[in-house]
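To start, the structure itself, in structure tokens.
The values are calculated or read from the model by the stated rules, or taken from the named source; none is laboratory data. Treat the numbers as computed from the prediction; the structure is a model and nothing was measured. Glycine gets a Cβ as well: all are built from the backbone with ideal geometry, and neighbour counts include every protein chain shown. Just the protein is used for accessible areas: all its heavy atoms, side chains included, with ligands, DNA and RNA removed. Shrake-Rupley method; radii C 1.70, N 1.55, O 1.52, S 1.80 Å.
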Amino acid sequence: MDGILVIRKEKGYTSHDVVAKLRGILHMKKIGHTGTLDPDAQGVLPVALGKATRLCEMLTDKEKTYEALLHLGIETDTQDMTGTVLSEREAAVTEEEIRTVIQSFLGDQMQVPPMYSALKVNGRKLYEIAREGKEVHREARPVHFFSIDIREIRLPFVRFSVTCSKGTYIRTLCHDIGRALGCGGCMEELVRTKSGRFSIEESVTLSQVQQAAENGTVSEMVVGIEDILSEYPRILCTGEGDRLLLNGNPLHEELVQSRCLEMPVRMCTSSGDFTGIYQWNPGRKKYIPVKMFL
């Protein structure tokens, strides 16, 4: 099977746990996930199977949507409720203040990654350093918040949905909102409702995959590679270009049957068999392979 399984990760599993369990259920080794979720977080985790693992980097780059529950008045060392409480105070803020502060985070922001994260500093993961009771300097990184919509305010809790760029920590957003309000805050709950084009409505649990494997119907759950890449135009090469294409070589413009110079394309043989993603290179005046799926 080559494609994407849209898993609904449940609490208590790491993203690596999900991959390991799927390897056992599907009896295949070539499996990878497309964006880490914390163990206590739930929601959409697209998992790549077989040749689709070549898509992991492309899919990880996509924007994500989450629903989060912010707990005002509490700060922890992990920026969520799994950590040690560092401070606790009354959330003496108004709804208007909350709305104003949250909206101020829209657009481009600089975010300092949390110590309890898998990012590496000098070859070591930050959470390993944090577990030793140490803290090191982390460079702020650019992130972008496309939308932040408040769903409910019931102090000390604020439920909101957020659509953001890759590499964004919602735990840190909750922490930063609390700091900006002057009362502190941390993340109580997190559900990823969308990852790129994949939504929670189409996701399946590990137990559902297990049942489908026993019934021999897992393939019906898998989104095929070409379907995943349907946003890219589909063009065919000529019969003369088939041999070059099937060997993963660049193609001159005269060896394709139609043109698309502005964006990546799904390159197919003259008979319509999908082979890979190509991109026009104006300097070389050729279509250059980006990802091959032969």
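Residue by residue through the stretch 193-206, note down the ones that are in a loop (DSSP other than H, G, I, E, B) and within 13 Å of the chain's Cα centre (by Cα).
Step one: list which residues in the stretch 193-206 are in a loop (DSSP other than H, G, I, E, B), which gives 196-197, 203, 205.
Of everything in the stretch 193-206, those that are in a loop (DSSP other than H, G, I, E, B) and within 13 Å of the chain's Cα centre (by Cα) turn out to be GLY196, ARG197.
Please count how many residues of the stretch 150-192 are more than 21 Å from the chain's Cα centre (by Cα) and among the hydrophobic types (A, V, I, L, M, F, W, C).
Summing the residues that are more than 21 Å from the chain's Cα centre (by Cα) and among the hydrophobic types (A, V, I, L, M, F, W, C) in the stretch 150-192 gives 10.
Going through the stretch 267-294 one residue at a time, which ones are open to solvent by less than 30 Å² (accessible area, probe 1.4 Å) and in contact with a helix residue (DSSP H, G or I) (Cβ under 7 Å, 6 or more places away or on another chain)?
Those that are open to solvent by less than 30 Å² (accessible area, probe 1.4 Å) and in contact with a helix residue (DSSP H, G or I) (Cβ under 7 Å, 6 or more places away or on another chain): MET267, THR269, THR275, PHE293.
Any residue at all in the stretch 23-35 that's under 16 Å from the mean Cα position of the chain (by Cα), in a loop (DSSP other than H, G, I, E, B), closer than 21 Å to GLY224 by Cα and not basic (Lys, Arg)?
yes
When residues of the stretch 93-110 are filtered for being open to solvent by less than 80 Å² (accessible area, probe 1.4 Å) and either over 14 Å from SER147 (Cβ atoms) or at pLDDT below 95 (or both), how many remain?
4
Could you please let me know if SER219 is closer than 24 Å to GLY50 by Cβ and surrounded by fewer than 14 Cβ atoms within 10 Å (Cβ to Cβ)? I'd like the intermediate steps shown before the answer.
Numbers: closer than 24 Å to GLY50 by Cβ: yes; surrounded by fewer than 14 Cβ atoms within 10 Å (Cβ to Cβ): yes.
Spelling it out, SER219 is indeed closer than 24 Å to GLY50 by Cβ and surrounded by fewer than 14 Cβ atoms within 10 Å (Cβ to Cβ).
Please verify whether THR53 is under 29 Å from THR217 (Cβ atoms), modelled with pLDDT of 95 or more and of a type in the set (Ser, Thr, Tyr), treating the condition exactly as stated. Before you say what the answer is, go through the steps one by one.
Details: under 29 Å from THR217 (Cβ atoms): yes; modelled with pLDDT of 95 or more: no; of a type in the set (Ser, Thr, Tyr): yes.
In short, no.
Look through SER87, SER147 and report the one residue that is more than 28 Å from SER15 (Cα to Cα), in a strand (DSSP E or B) and open to solvent by less than 80 Å² (accessible area, probe 1.4 Å).
Result of the check over SER87, SER147: SER87.
Looking only at the stretch 16-43, which residues are over 17 Å from MET221 (Cα atoms), of a type in the set (Gly, Ala, Ser) and buried (at least 19 other Cβ atoms within 10 Å of the Cβ)?
Passing the criteria: GLY35, ALA41.
Considering only the stretch 236-266, how many residues are under 21 Å from ARG197 (Cβ atoms) and hydrophobic (A, V, I, L, M, F, W, C)?
Residues meeting the conditions: 3.
Which residue is farthest from ARG197 (Cα to Cα), if the candidates are limited to the stretch 5-15 and must be open to solvent by less than 50 Å² (accessible area, probe 1.4 Å) and either assigned to a helix (DSSP H, G or I) or modelled with pLDDT under 95 (or both)?
THR14
Of the residues in the stretch 284-294, how many are assigned to a loop (DSSP other than H, G, I, E, B) and either of a type in the set (A, V, I, L, M) or free of Cβ contacts under 8 Å to residues at least 12 places away in the same chain (or both)?
Result for the stretch 284-294: 1.
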